[in-house]
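What follows is a single structure, written as C-alpha cells, with notes after it.
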Amino acid sequence: QVQLVESGGGLVQAGGSTRLSCAASGRTFSMYTIGWFRQAPGKEREFVADISPYGGNKHYADTVKGRFTISRDNAKNTVFLQMSSLKVEDTAVYYCSAHGRPYGTRWFNVDEYDYWGQGTQVTVSS
C-alpha cells in the first residue's frame, strides 16, 4: 500500500504563491500517476491537476490552468504543486492521490484513484 503525506499548506494572501509537497513511501513511486484534488467545506472533492509517472504529461482543471504547476522528483519520491496568483476561491483542503493505471488523454476523477493522503489546508485571504 502506498502512503502519501501532504505538506506546505497555510494562510496565503490573495495574489500570492505557495508550494505544496506530496511525499510517498515505497520503492515503486515512479509507477504511479499522482493527482491533486481539493475540497472546500460542504462541497465535493474536485480535480486540480495530475502528472504521469515520469512527468511527461499533465492535466489541469480549467479553474487553475495558467496559475498552478505540477511537477515531480521521482528520485525523492515527491510531487509538488506550485500555486501562484491565488484567489479566495482556491481555499480548500488539498489532497494528493495515486493510481497505477495507464495514463490517459483525459484526467481521472476521485473514484478512479486508489490511495490518498490526509490533506493539507490552504486558506487564501482577501
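The values are calculated or read from the model by the stated rules, or taken from the named source; none is laboratory data. Worth saying up front: this structure is predicted, and the values here are computed from it rather than measured. Neighbour counts are summed over all protein chains in view; Cβ atoms, including those assigned to glycine, are modelled from backbone coordinates with ideal geometry. Only protein heavy atoms, including side chains, enter the accessible area calculation; ligands, DNA and RNA are left aside. Shrake-Rupley method; radii C 1.70, N 1.55, O 1.52, S 1.80 Å.
Among residues of the stretch 1-31 being closer than 18 Å to Tyr94 by Cβ and among the β-branched types (Val, Ile, Thr), the one that is most open to solvent (accessible area, probe 1.4 Å) is Val5. Of the residues making up the stretch 94-126, just one is among the small types (Gly, Ala, Ser), open to solvent by 40 Å² or more (accessible area, probe 1.4 Å) and within 19 Å of Gln3 (Cα to Cα), namely Gly100.
The stretch 20-82 holds strands (runs of 3 or more DSSP E) entirely within its bounds, and those carrying 3 or more residues that are under 11 Å from the mean Cα position of the chain (by Cα) map to 33-39, 46-51, 68-73. Among the criteria (1) open to solvent by less than 70 Å² (accessible area, probe 1.4 Å); (2) not in a loop (DSSP other than H, G, I, E, B), the one Glu89 does not fulfil is (1). For the stretch 85-126, the tally of residues that are without any contact (Cβ under 8 Å) to a residue 24 or more places away in the chain and among the β-branched types (Val, Ile, Thr) stands at 1.
Checked against (1) crowded, with 18+ Cβ neighbours inside 10 Å; (2) farther than 24 Å from Arg27 by Cα; (3) aliphatic (A, V, I, L, M), Val79 meets all criteria but (2).
The condition of being surrounded by 15 or more Cβ atoms within 10 Å (Cβ to Cβ) and closer than 25 Å to Ser126 by Cα holds for only one of Ile34, Ile51, Ile70, that being Ile70.
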